[in-house]
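Have a look at the structure below before the remarks.
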Amino acid sequence: MTDFEGLKALVTGGASGIGRATAELLAERGASVAVLDLDPSSVEKPLLGYRADVTDDASVRQAVASAVADLGGLDIVVNNAGIGAQGTVEDNDDDEWHRVLDVNVVGMVRVTRAALPHLRESSHAAVVNTCSIAATAGLPQRALYSATKGAVQSLTLAMAADHLREGIRVNCVNPGTADTPWVGRLLDSAADPAAERAALAARQPSGRLVSAAEVAGAIAYLASPLSGATTGTSLAVDGGMQGLRLRPVGQ
Ligand SMILES: NC(=O)c1ccc[n+]([C@@H]2O[C@H](COP(=O)([O-])OP(=O)(O)OC[C@H]3O[C@@H](n4cnc5c(N)ncnc54)[C@H](O)[C@@H]3O)[C@@H](O)[C@H]2O)c1
């Protein structure tokens, strides 16, 4: 497909996992793509890498300005950079709550704020936020992380309303557990990584983890000019985890 031919995209957290798969897919489909990441050292051509921390407004503004100058404009923003947190409400202190909210929620605000003047110049402007199944299902030991993703889901709707008449679409994807370096680190830290992986896979009706490429495909769908009537939606990419209730195999 060449639906992104001539378009310019910025992907945050694009050096790893879902962001990397998304940056590569958009480029394959014709976009010029800038990756904004804490560590863009692994980003290879044709992707352009920019170092920035989404919790630092000055670094975000500088990276977005450099990317826009190098790309020659901006049509698509994928707000994907994010971090995890484990535990119940008893397990994380106030500093940790502020830190994770700062990355996962306010980070999207900073990047979008810096990008908006450029998106307003585009005739195919789209923002896609990476949300999570944790926004819509109660998962154990994920109080803080789920709160950040619930905020992302609501923020997506509010942004879609605010910018509709400016011609900017805003949507989000809600992945289930996806096979990325992040989940790899989570499994490595488990007492029994194989059992933990099996438990995460079994939680999804499809019986397996989602791939980063599958999430990238959904992000590309929402970002594409072919989806010009789609705004304010969340697209589950979770092997049926949110909506399906299967009976045990054989019953
Ligand atoms: N992997 C999953 O199971 C899963 C499920 C649902 C949602 N998500 C969401 O998908 C997104 C990407 O997750 P992933 O699994 O690909 O993770 P990952 O750790 O593989 O990649 C995240 C990237 O974000 C970058 N990043 C982190 N903090 C940053 C900051 N402050 N500023 C700039 N860049 C920063 C990291 O350097 C890294 O390159 C996250 O928003 C996450 O919440 C992941």
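Would you confirm whether or not region 44-56 contains a residue that is of a type outside the set (Ser, Thr, Tyr), surrounded by fewer than 16 Cβ atoms within 10 Å (Cβ to Cβ) and in a helix (DSSP H, G or I)?
no
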The helices (runs of 4 or more DSSP H) lying entirely within region 153-240 that contain at least 1 residues which are more than 14 Å from the ligand (Cβ to nearest atom) and either in contact with a helix residue (DSSP H, G or I) (Cβ under 6 Å, 6 or more places away or on another chain) or over 25 Å from residue 4 (Cβ atoms) (or both) are 193-202, 212-223
Of the residues in region 98-134 that are among the small types (Gly, Ala, Ser) and outside any helix (DSSP H, G or I), the one that is nearest to the ligand (Cβ to nearest atom) is 132
Taking first residues from region 73-93 that are more than 28 Å from residue 9 (Cβ to Cβ) and second residues anywhere that are in a loop (DSSP other than H, G, I, E, B) and within 13 Å of the ligand (Cβ to nearest atom), the pairs with Cβ under 8 Å that are 6 or more apart or on different chains are 92/85
Q.
Considering only region 107-114, I want to know if a residue exists there that is under 21 Å from residue 219 (Cβ atoms) and among the hydroxyl-bearing types (Ser, Thr, Tyr).
A. yes
**Prompt:** Can residue 49 be described as within 16 Å of the ligand (Cβ to nearest atom), touching a residue at least 24 places away in the same chain (Cβ under 8 Å) and on the phi > 0 side of the Ramachandran plot?
**Reply:** no
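Every number here is computed from the coordinates shown, using simple stated rules; none is lab data. What you see is a predicted model; the values in this text were computed from it and never measured. So basically every Cβ, Gly included, is an ideal-geometry build from the backbone, and we count neighbours across all protein chains shown.
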